[in-house]
1. List the chymotrypsin sites (Phe, Trp or Tyr not before Pro) in segment B:308-377 that DSSP assigns to loop (not H, G, I, E or B) and whose Cβ has at most 16 other Cβ atoms within 10 Å. Which are they?
2. If you place +1 on the Cβ of every Lys and Arg, -1 on the Cβ of every Asp and Glu, and leave all else neutral, what size is the dipole of segment A:457-571 about its Cα centre, to the nearest 20 Debye?
3. Can you count the Lys pairs in segment A:172-306 whose Cα atoms are under 20 Å apart, with each pair 8 or more apart or on different chains?
4. Restricting attention to the alpha-carbon atoms of segment B:403-442, what are Rg (one decimal) and Dmax (integer), both in Å?
5. I'd like to know which of B:Gly402, B:Val445, B:Tyr342 lies farthest towards the positive end of the charge dipole of segment B:316-459, counting +1 on Cβ of Lys and Arg and -1 on Cβ of Asp and Glu.
6. R0 = 60 Å: FRET efficiency of A:His538 with A:Ser255, Cβ-based, nearest 0.05?
7. Report the per residue volume, in Å³, of the convex hull enclosing the C-alpha atoms of segment A:318-383.
8. Please report, in Å, the Rg and the Dmax of segment B:343-459, where both are computed over Cα atoms only.
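What follows draws every value from the coordinates through simple rules; no lab data is involved. Nothing here was measured: the structure is a model prediction, and the numbers come from that model. When we count neighbours, we look across all protein chains shown, and the Cβ atoms used for this are built from the backbone with ideal geometry, even at glycine.
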Amino acid sequence: MPRLLYNACIKRGLSNGSFRSLNNLVRTLYLLSLVTFVTHLAGCISAPDTSDPNPSTSIASKIDVGGDAQKGAASWVEHRCNNCHGTNKNQGTSPIDPDNLVHTTYENLVKYIEDDMPKGYGPHTCVGDCAKDTAQYMLYWGTDLVDPGAKVFAKSNLSCSEDATLAHDKLVRLSPIEYVRSLKDLFELDSIPSLDGFPEEELDNGFLYAESVLAETGEGYKAISEAVATAIVSDYASKTACTLNNENCAKTYISNIAERAFRMPVSTELLESVLSVYEAGARESIQEGVHDSLKLIMQSPFFIYKPRLTIGSNASGSSLDQYKNASKLSYLLTGSIPDKDLWADAKAGNLDSDNLLQHAQRLLAQPETREYLSREFIARWFKVKNATAIRDDIEYTALKQQVDDAITFILNTAWGENGSIERLLTEPAVGDSRTNQLTNDPSRVGLLTQPAWMAAFGSSERTEPILRGVFFVEDMLCREVPTFNGDVMFPEPVAGETLRESLKIHRENPICGNCHALFDPMGIAFENYDQYGNLRTHDGGSVIDASGVFPTTDSTYDFKDANDLLNYVANTEELRYCTAKHWMAYAFRKAVPEQLNCELEGLVDSVKGYSGIDQMIIETLKQTAFFGG
Amino acid sequence: MNKFDKFSKDLPISRRVFGKLSTAGLLTMAYPINRVYAQAGQKGPRRFFVLNQSGGFWQQRWSSAGPGGSLVIGDSHEALAPYADHIVAIKGLDNAAGRNSRVHFLGPVTLLTGCNTSTANVKALSSARSLDQILSDQLSDNVPFSSIETGFRTKGIGSQERISYAAPNSPKNPINSGAALFEKLFKGKAPGTNLGGASAPVDSSAIEREVRVLDGIVDQIKMMQRELVGDDKERLEKHIETIREIEKRVELSAGGGAAAGCIVPETAGRLDAGPKEAELLLDLTTQAFVCGLTNIGTYSTRKGAVDMIYDWMPEHTEVYGTKTHHGITHTEKLNTPQADAYFTKVDKFHTGLLARLVKTFAETPEADGSGTMLDNSLILYTTCISKPNAHSHRNMSWMVIGGQGSDLWKGNRCIDVGGEKLHNIHVSVMRAFGNDVNQFGNSSVNGGAASGPSSALKV
């Protein structure tokens, strides 16, 4: 069949060179499959399907850029374009690769059709509306490169299976932060041991992803345990409350440390394993024995792994469950071993559900807990900590100060009776870590306008509105952004243009626009802040227009700027849902698995009435799943 | 009987190796056609190294095909000219696995893995192990470091920029400081110290104490394993391997274990992450190979999406209105003499680094008299994209260097494979190392995983 079409074109006077010129329109790179070719021919040429099968949830609306695709499809046939070019995914003899349509604009395509098509086969009859309609039709082809899936939250979107359970308590490794915090509390050190030399840990969904112990991580444990054990032994009498030659005291100290470190009663076999290393070292000196056995405890799997929170049945009430639940609650809220009160209740068997909740409320009221959760839960969710990782252009100390200021902002807006996710996103103030207070600033609108967040989503030379926009919809609102299977052409700022203007290809080319309409406007909303978080009104010499359209569950919201957008979003159920989802991801230390959708569904309902994040946490802890297994 | 037992019982490999290969996607569809002989005696090269220049090559100055299948060394590669007979340049490669992304760029993640990104993670993480790590299973029995990962200006990079995966979702973080790499390889050793041979001092007491603790950890892991099943048990198995590797390092750090003639190199102290840092990273990695401390290495540059800046060549960056490499690749001024000079110089910088390693390998004879280190090493000079301004994963060019002792070479030195899947090269490399596989990676997008060897290579 392709050969027949080729011959037909040649007979009409088209040269091979003309075919190549035609190809330059879209720079064809590869042939599409013959199967698809035949399939499409068999179905003749069909107009693009612009109907939306699920308008209530799909926001991947196709963008009209000036033509009528239905008429364009007819023109395509009428002007015999398909004789040489085939149609969508149908290469003909001079194929047009939809993948490469992304490199052109609607205007350029229209002009090319008007001026140059059909190449060498004049007259050029497809001009005006014909060219516009045809270009519109062609640009729809590339929309197939976008995987479907862009959705806003609606509970109906949750796929929930009532009988879904996880088989058992999965092990999860202490994150580096949890590891050194645990050591500080275990040995009652004055400060948290340094993580220098410990490898950077991979992040998952913004939270530490800690599974396999790779060699570098193992070396990190070894180095830190060596430093801590040496510090303990160098101040032996004070740290152990033992005299230098009292072997029984040394063994008791080791046993007690092992129990606290392992967070459970230590079996005879396990204790013997520790004490055998002590005995061997003690042949030289008791201190060497203590030193080596402490190193073993600090690198023991019973110390560095903890049970992951799971979905499952409620606590059975066995003594082991008491220890497990104490450990789960403690690491969830404080990133460390259970404190003395929680540990005492676990040992006494007093940790029923009510008592656990009382401990949770006690811990959440502590400034240390709030600071820890501000840094490890909220700042990681909002990627504030990225600011210290990706930017080398600003002096590190200045950037660290900005991150600390952002943490102060979180501490003062998210927690307690007056704290809420709404305040976190709309408070007109900046944090000041030197005073631990907020400073009113009407130009600011919550955490997303703090300099540390701006720095995390900008390069040294410009803002990154696309990254800001993707964060807004994907991370903050838990929407799904589709994947894209093609190559792309990235726009760069042009002198005299605002970045919004430079991004016009995203609005004019439907292949780009199908996705970018989902997040570009929400990133452009923040263009009144530069990459350092400084307020500005102009970009590239032009006045910034930060307005845009925010797609909602069932409609759209026209916003004027970031202030308007954030105040609208801060009160949506979608944000509450996403806050709960991120909390679940934090608690489970991984992306929320499908099985948790049932829990999420219930959670969304249960946290609707709570504005404070700590209140939401308490409410989630009432779900039996957190203490299951 | 679990899935590993079920499928591995008839294979001439251990259950553990089968599990690893299966996890990497190598056996997903291959059994029973593929037969894996990885543990049945090492065949082919003894070392594997990858230098990855993430941000793309300047094709205009790349090497090209000459008469009779020869290789004409391009300006970008002049430092490699003395070793032209050891090079095969392959063009027209398509990293189909990398073209499936919300970030328009999955080059580094898929580079050595040919993977689908994990569906369990919102961000891009490989769901398969990388080629270097798979090969480390074969080549690391007698070395203290199963692999060494380095990176130029890779501080704070995310998962999207890491190329080496020890396990699914577990990328290895490259060392970006020469001082840190020296600490890792030669901690406490004075420059000039001879670490090799029988005369090296051994502190047996220190070794004994460290090994006792490490053995205690392994004992406790095994206690814990008794109570576990499935993934958790496998994870702890990996932990045991890690402890054993550390044990090997302990023995080395106390003296002994290094190859004869292994001299602790000079260090330049802490550097500024500039070109000297890059040279030190390459030189230390080279010395690690020479000393027999490792047989696997990777070196990669930051891909440049954020702030990769070649700030020691300002005369080339001033004309663009941006100093970042990423910004320059996206400007409209690429068809200019300035662009030609800038991109050629960038390529020359990285090629020059690679040439330092290749030169040492070419000049160092194997202890057993079987040629030079270069003859017995396989080196890939790679990039993640072809046209940076389009973030294109198509029509990429790579180089395969060394490995003369393997069955890899066909004859032609510069071959355009016309859009063949990039990861066919990985299949060929696996075969060169004695693994009879037909597939690499687990990608299911854009035509699926590589399913055969590279047409540019012999195996």
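1. Answer in residue order: B:Trp312.
2. With only Lys, Arg, Asp and Glu charged at Cβ, the dipole is about 80 debye.
3. Close lysine pairs under the 20 Å cut-off: 10.
4. Spelled out, the Cα radius of gyration and Dmax of segment B:403-442 are 11.0, 30 Å.
5. Final value for the positive-end residue is B:Tyr342.
6. Working: r = 69 Å, r/R0 = 1.14.
Efficiency at R0 = 60 Å is approximately 0.30.
7. 77 Å³
8. Radius of gyration, then largest Cα-Cα span, for segment B:343-459: 15.8, 48 Å.
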